[in-house]
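What follows is calculated from the coordinates using simple rules that are stated; it is not laboratory data. Remember, it's a predicted structure, so these values are computed and weren't measured experimentally. Cβ coordinates were reconstructed from backbone atoms using ideal geometry, including for glycine residues, and neighbour counts include every protein chain displayed.
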Amino acid sequence: MMAKGQIVFHLPRHLLGDLQIPPLYQVLRRGFQARGAEVTLRYRDLRALQDLPQGADFHFVHNGGGTGACVLNTAVAYLLPYFYFDPEGVYFQSRSNRASFDPKAVPEATAARRFQTLHQRYVRPRLSRYEQPQEHSTLPKGAIAVFLQDWSEPVEAARFMSTQAMLQTVIAGAAGRPVVVKPHPRNQGPETVMLLHWLARKQPQVLVTQANLHDILQAAAVCVSICSSVAIEAMLHKKPAILFGKSDLHPCAVTVQSPQDWPAALAHALSFDWPYQAFVHWFFDQHLRGGDVMWLPLLQRMQAAAADFAALGISPPSPPARQ
């Protein structure tokens, strides 16, 4: 008798309950169950995931970074409604991180349409992935805008230096530009509290604001973060992004690995003609999955990752998956 397989969602402990499971996995669970598959939630044990037994199950790993048969790593890809379903990892560990970006190879008209769609979705209504205040704020023109992220697994894995070291580097090398700092709207833990106290005591010239990030970006000259999704939103404002961490957004941004890199990074960010439209289309349309869960492309990715559809009780995709 053929072994029966399950769809397994590997989630951190705080996301395992039915009331805590993220919307993406709720949609996936309903969709797989409607197609006849059994779905189970499992604690994401990173050590165990390094040596998954070969079997009939198929695994979706939240914020995963491992490879292997029958595994796709999943996460929100900076902006909704885009997601990673990647066999290698998410963010700087994703397959797109090693892909070659050639803006000249991207169709201009297609890129312009994707850019305009995202601009209308986020910039015009002043919306973001996280809730923003809707009142309008006046911010310093030409500022260096720094966006804090606080501690999280992806940020900790990506950073080249501490957030305080990043802030010290930016403030010391601001070259006469004002510095504006926005705390993360949802993730304001001990790191952020410490940094805000430090700024108030030691750097009173720095403006700390909770303003809508689109007001900040519209006024700013450049956007700075460890690896935040605001880098993409800056691109939608056609403002350059500087990253102090590893990111798959690096082909259209400047990366700073040490304080010594900062002066040249700022100068390059402000002087280069960045291919924002081409990159946004290349990144979102060629490497991610968008919209509501698109089942044919998702099943094709599962097929490419050696899913045993017969054991899972799911009809295989047609046409065959592209390699």
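Annotations for the structure displayed:
- Between the C-alpha center of segment 201-215 and that of segment 30-106 there is a gap of 36 Å.
- The C-alpha atoms of the chain define a longest principal axis, and helix 190-202 lies at about 10 degrees to it.
- In summary, the aspartates and glutamates within cross-link reach of residue 4, defined as a Cα separation below 19 angstrom excluding same-chain residues under 8 places away, comprise 38, 57, 308.
- About the centre of its Cα atoms, segment 110-272 shows a dipole size close to 480 debye [charges on the beta carbon of Lys, Arg (+1) and Asp, Glu (-1) only; nearest 20 debye].
- Test item: Cα-centred dipole of the chain, Lys/Arg +1 and Asp/Glu -1 on Cβ, debye: 420 debye
- Point-to-point label distance, residue 306-residue 43, nm (Cα→Cβ direction, 7 Å offset): 2.7 nm
- Our helix-only sum for the chain, with -39,500 (n - 2.57) per DSSP H run of n ≥ 4 divided by its residues, gives a mean residue ellipticity at 222 nm of -9000 deg cm²/dmol.
- Relative to the longest principal axis of the Cα atoms of the chain, the long axis of helix 276-287 lies at roughly 20 degrees.
- Cβ-Cβ FRET estimate between residue 200 and residue 268, R0 fixed at 30 Å, reported to 0.05: 0.40
- Estimated inter-spin distance, residue 120 and residue 99, nm [label 7 Å along Cα→Cβ]: 2.4 nm
- Helix 23-34 vs. the chain, principal-axis angle (Cα, 0 to 90°, nearest 10): 20 degrees
- Fluctuation leader among 238, 246, 141 - the chain, Gaussian network, Cα springs under 10 angstrom: 141
- Förster radius 35 Å - calculated FRET efficiency between residue 4 and residue 186, Cβ distance, rounded to 0.05: 0.35
- Label-to-label distance, residue 257 versus residue 112, with points set 7 angstrom from Cα along the beta-carbon direction: 3.8 nm.
- Cβ-based net charge around residue 68, under 15 Å, with every Lys or Arg adding one and every Asp or Glu removing one: -2
- Counting charges near residue 171 (Lys, Arg +1; Asp, Glu -1) among other residues having Cβ under 14 Å from its Cβ returns a value of +3.
- Gaussian network model of the chain, Cα within-10 Å springs - most flexible of 99, 269, 77: 99
- Summed residue charge, Cβ within 12 Å of residue 117's Cβ, Lys/Arg positive, Asp/Glu negative: +3
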